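Notes for the one structure printed next.
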Amino acid sequence: MGWRPGPRPSFDSGCAPLRLRIDPDRCQGHARCFAIAPDLFDIDDFGQSSVRSDGVVPAGREDAARLAIANCPEFAIEAVED
Ligand code: SF4
């Protein structure tokens, strides 16, 4: 049985803006995040994902951000609240 990460962070629907980060050491270039939310993620020529702009999720796009996090098989996307 392989290594499994701990529980994913919970998301409170508070007032703080959601900011995304991607761990480049974990990202394997599946592009699922980009397929779900191309306005939040970008993919380079090697398939590595990055967050657009400063990673702040615009109002109304929180669900897409959470869906992308839940669909990343490498647990490479992290959400933090400022
Ligand atoms: S889904 Fe995860 S592993 Fe795949 S490109 Fe996006 S961040 Fe990287």
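The values are calculated or read from the model by the stated rules, or taken from the named source; none is laboratory data. Keep in mind that this is a model prediction, so the values were computed, not measured. All Cβ positions, even for glycine, are placed from backbone atoms using ideal geometry, and neighbour counts span all protein chains on display.
Considering only the stretch 38-58, state which residues are near the ligand (Cβ under 8 Å from one of its atoms) and either in a helix (DSSP H, G or I) or within 12 Å of the chain's Cα centre (by Cα) (or both).
Across the stretch 38-58, the qualifying residues are PHE41, SER49.
In the stretch 59-73, which residue that is surrounded by fewer than 14 Cβ atoms within 10 Å (Cβ to Cβ) and away from the ligand (no atom under 12 Å from the Cβ) is nearest to GLY29 (Cα to Cα)?
ASP63
Could you pull out the residue among ALA76, ALA35 that is near the ligand (Cβ under 10 Å from one of its atoms), in contact with a Lys or Arg (Cβ under 7 Å, 6 or more places away or on another chain), at pLDDT 95 or above and of a type in the set (Gly, Ala, Ser)?
Answer to the selection: ALA76.
Could you list, in sequence order, all residues of the stretch 45-61 that are modelled with pLDDT under 95 and within 20 Å of PHE75 (Cα to Cα)?
If the condition is that a residue be modelled with pLDDT under 95 and within 20 Å of PHE75 (Cα to Cα), then PHE46, GLY47, GLN48, ASP54 are the ones that fit.
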